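Asks: Can you read through this structure? Questions will come right after.
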């Protein structure tokens, strides 16, 4: 499904070559969602990230990786072998027409191929090259391999994830990749703004480790100023202000101390405040010292209600309580439905429409409603190589026979 509107598109006319694997493919997706023309450049046998699950209906297949389909929506796709000289020649022609290149190779790899930033910028002085690596382009660990697990470990986020009774746990999903990609997209937009002012390109160096460290807010701040190493607290917020508690039908994020007397009165009206009505609980420090008991009493009360009951009950009293939604509940959420946040996208290799989220931002006078599925392997070879670069059918046949495209 593709939806189009007659409005300005944010990045219309900006051309992106996407050489990124899973470490940076979401970055170029953000640019594609904003209207940039993004070409996914894959090896002739397809990008390795096509092997990342989950797969549609559990069937491993390079065209059925849901990870790949999500991270490469709104892009076109070509195949090209950069390790062959003829492939590099074709790539340089593409670079001459591009505004941005996003890559995730090891530091120095492109330079070894004769495709370093110095070479690319000679061909295209206004080119912006974004290089995403595990540890950056310099430093003693620049050549070390990395992945989401390594980045979350070296970046410190794993240390504070989990419960007091568990060892450090990996944050859910591929958070390091998405965090890095968000920083990558921001840096590209800044480089485009600078280019508009100076007429110069830029080589942007992004380290996944540094991207993760940059999100540790209170963790690093507390260590800098108080030399306190935060502990893993499970479902309890780092400053003890929130906790996740069980209900009849799920879990609720609930405040522990906000408007304490109102909360106790509410529980008392249902005969479930227990000893929390006693005067000693009005003291902030006393409550902090006995927080485990408060959580036990609150948990007995929340178990007598559904999440929706407590959510609605808290709204008129300005309690920032929220149900912990499962993926099914997120999909059925009336607010997201009203805003048409999820759309159906058809795919020739999949026998049913795939639901996909739109971009989580809307502009009043700008269209972000151009959505299409991720490309098949080499799907746009003809349109890009023949129609845009002007290669002949004979040249395309030769490149294909040599397994360059």
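The values are calculated or read from the model by the stated rules, or taken from the named source; none is laboratory data. Small disclaimer: the values here were computed from a predicted structure and weren't measured. Virtual Cβ from ideal backbone geometry, glycine too; neighbours counted across all protein chains shown.
Asks: Could you please find all residues in region 266-323 being over 36 Å from the mean Cα position of the chain (by Cα) and assigned to a loop (DSSP other than H, G, I, E, B)?
Replies: 270, 271, 272, 273, 278, 283, 290, 304
Asks: While we're on this one: How many residues does region 341-352 contain that are touching a residue at least 60 places away in the same chain (Cβ under 8 Å) and within 13 Å of residue 57 (Cα to Cα)?
Replies: 2
Asks: Quick one: residue 336 ticks every box in (1) more than 23 Å from residue 25 (Cα to Cα); (2) exposed (fewer than 13 other Cβ atoms within 10 Å of the Cβ); (3) modelled with pLDDT of 90 or more; (4) touching a strand residue (DSSP E or B) at 6+ places or on another chain (Cβ under 8 Å) bar one, so which box is it?
Replies: Failing condition for residue 336: (2).
Asks: Surrounded by 11 or more Cβ atoms within 10 Å (Cβ to Cβ) and in the same structural domain as residue 56 (by TED's automatic domain parsing), is that true of residue 294?
Replies: Spelling it out, it is not the case that residue 294 is surrounded by 11 or more Cβ atoms within 10 Å (Cβ to Cβ) and in the same structural domain as residue 56 (by TED's automatic domain parsing).
Asks: Of the numbered conditions (1) modelled with pLDDT under 95; (2) under 23 Å from the mean Cα position of the chain (by Cα), residue 375 satisfies every one except a single condition; which is it?
Replies: With respect to (1) modelled with pLDDT under 95; (2) under 23 Å from the mean Cα position of the chain (by Cα), residue 375 is out only on (1).
Asks: Would you mind listing the helices (runs of 4 or more DSSP H) fully within region 170-237 where at least 3 residues are surrounded by 13 or more Cβ atoms within 10 Å (Cβ to Cβ) and outside the structural domain of residue 67 (by TED's automatic domain parsing)?
Replies: In region 170-237, 217-226 are the helices (runs of 4 or more DSSP H) which contain 3 or more residues that are surrounded by 13 or more Cβ atoms within 10 Å (Cβ to Cβ) and outside the structural domain of residue 67 (by TED's automatic domain parsing).
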